[in-house]
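The structure appears right after this line, and notes come after that.
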Amino acid sequence: MNTDTSFQFNDLSGKTIVLTGATSGIGHAILPDFLRQGLNLILMGRNPEKLAAVVEEHSSHKEQIQTITCELSDPQSREEACGQILKSNSAIDGFISNAAIDPRREFENISTHFVRNVMATNLEPSFHITQKLMPLLKKSPAGRIILIGSVTYDLGGTYMSAYAASKGALIGLTHCLSHELYTTNITVNCLSPGAIVVEKEGHRPERDQQLIDLQSVPRRLTPKDIIGPLSLLLSEAGGGISGQVIKVEGGVFHPLASANLQKNRLETDSTNPAFKDPE
């Protein structure tokens, strides 16, 4: 998916950003534009082969990319990954906590294991990695923390209780941490996307039209719609924005509340080994 944009935030060039979830979805789609704007990226992800493929995909910008293998749901792995960054003792200008899982499950079938699995990926890394990187973020003249939320927190979503709860927790963290860091140069914000087209959805015209009909913006949103707000929050131009939740959802009415829209994902997730409870 081509996400190249015509705008340029000139003050982003040379800044170093840590990004999770860059091998798929929104995180992967925004890479070309981030690199074009001159950002140096430290990509954290669980799969070294996929990380290597991302670097190869952007071979003309290899010097701007560093990869660190990390199982984000595992505290020890996060500790080790952050340790690698801390050893450099250089400034980190931003952390974008983007990685997430969104398995569907009927509320009555949600186990404690299922909830913990979702929180371990969607919430815990935002706390843990932010804590570990704080000394380096404070070295930056304009540190930025951006947590990727979801409009499901505001709208709800059938079969998405655990996911929406994890994203709501990120909003609470955004508000509290922005106040706690008031003596620093660090801003903390949450970007909440709506129904963004990513590769795992495939091309389903009928479903696309259902979602379009439930938006004020009469088209499917793409990762390109995320790049502008993210770049603003990272730049000097966004330096006065902190503690905010910025929604990029096309004026959505409420697409995820429909059980019919969600049923296909419910059936798919129910057979995914990654979301199975232990025997």
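Odds and ends about this structure:
- Take 27-37, 204-214 and order them by the average number of nearby Cβ atoms within 10 Å per residue, most first; the result is 27-37, 204-214.
- Between 0 and 90°, nearest 10: helix 112-122 axis offset from the chain longest Cα axis: 40
- Value of D in µm² per second that Stokes-Einstein yields for the range 119-270, Kirkwood Rh from Cα pairs, at 37 °C (0.692 mPa s): 197
- Long-range HN-HN contacts of V18 with modeled amide H, under 5 Å: I42, G94, F95, I96
- Karplus-based coupling profile of the range 64-80, in residue order and whole Hz: 9, 10, 10, 10, 9, 6, 7, 7, 4, 7, 10, x, 5, 5, 4, 4, 5, with θ = phi - 60° in 6.51 cos²θ - 1.76 cosθ + 1.60 and x standing for Gly or Pro.
- Under 20 Å from the Cα of K87 - aspartates and glutamates, other chains or at least 8 residues apart: E63, E71, E79
- Among the listed pairs K132/K167; K50/K139; K50/K276, a Cα-Cα separation exceeding 29 Å is found for K50/K139.
- Each part reduced to its alpha carbon centroid, the range 175-215 and the range 58-100 end up 22 Å apart.
- For the range 10-271, radius of gyration divided by Kirkwood radius, i.e. Rg to Rh on alpha-carbons: 0.95
- Environment charge of S73, counting only residues whose C-beta is closer than 11 Å and scoring Lys/Arg +1, Asp/Glu -1: 0
- Beta bridges per DSSP with both ends in the chain, % antiparallel, nearest 5: 0
Only the coordinates and a few stated rules stand behind these numbers; no lab work does. Just so it is clear, the structure is predicted and the values come from calculations on it, not from any experiment. Ideal geometry is used to build each Cβ from the backbone, glycine not excepted, and the neighbour counts take in all protein chains shown.
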